[in-house]
Ligand SMILES: C[S@@+](CC[C@H](N)C(=O)[O-])C[C@H]1O[C@@H](n2cnc3c(N)ncnc32)[C@H](O)[C@@H]1O
């Protein structure tokens with residue numbers, strides 16, 4: 001795929017103008033609004049080697065990311081001095097270290113089950129990197145993951161649902 005080659009070349013040639021050298025300030029400022037359960041699973045599509053993943057794991061969350069480039073994922077773990085295991089599966093190569101699990105492969109190969117239990121999707125410069133129709137397809141992929149077998153809900157969602165189902169109790 002031409003688009004894939006574009007990104008793989010950028011990682012190979014270290015053309016990484018999109019990469020932020022610090023944790024994203026908006027993530028830090030706004031994450032509390034989601035009122036996530038401790039240890040909630042957060043999905044980062046097209047994750048690159050974002051330091052946000054490290055910060056989220058340090059806050060106690062489980063992180064799952066997907067990224068086309070193996071260079072990006074190796075750099076992420078090496079630059080942050082994290083030991084990791086690397087496991088080849090049918091669709092992805094899985095890199096794992098503590099609370100962080102990164103899939104190396106194509107976002108469009110994701111299946112619902114891969115994102116089971118995710119409470120939040122954090123997109124920073126991700127879907128915008130999908131050109132034209134791909135961006136629409138990417139949104140559809142996320143929607144279908146969100147409505148998978150075990151849709152995850154935030155603590156606030158669950159509270160609202162309880163109030164709706166048992167109005168007398170609240
Ligand atoms: C603009 S960068 C953003 C990276 C990261 N979210 C960040 O904040 O630094 C887009 C990333 O998406 C990756 N990518 C592009 N197409 C992809 C695909 N189909 N599946 C997985 N990753 C992809 C690229 O390799 C690149 O690292």
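Given the C-alpha centroids of the stretch 44-110 and the stretch 1-36, what is the distance between them in whole angstrom? The stretch 44-110 and the stretch 1-36 have Cα centres separated by 12 Å. Going from the fewest other Cβ atoms within 10 Å to the most, the residues 89, 97 appear in the order 89, 97. The packing ranking, built from the mean of other Cβ atoms within 10 Å per residue, places the peptides 14-21, 36-43 in the order 36-43, 14-21, highest first.
Taking all Cα pairs closer than 8 Å and separated by 6 or more residues, the relative contact order of the stretch 1-85 comes to 31 percent.
For the stretch 65-144, dividing the convex hull volume of the Cα atoms by the residue count gives 104 Å³ per residue.
Starting from one equal scatterer on each C-alpha and no solvent at all, send me the Debye-based log10 I(q)/I(0) for the stretch 1-152 at q = 0.11, 0.19, 0.20 Å⁻¹, two decimals. Listed by q, the Debye log ratios stand at -0.40, -1.33, -1.49.
Computed from the coordinates by the stated procedures, all read-outs in this text should not be read as laboratory data. From a predicted model like this one, the values you see are computed outputs, not experimental measurements. Don't worry about glycine lacking a Cβ; one is built from the backbone with ideal geometry, like all the others, and counts go over all protein chains shown.
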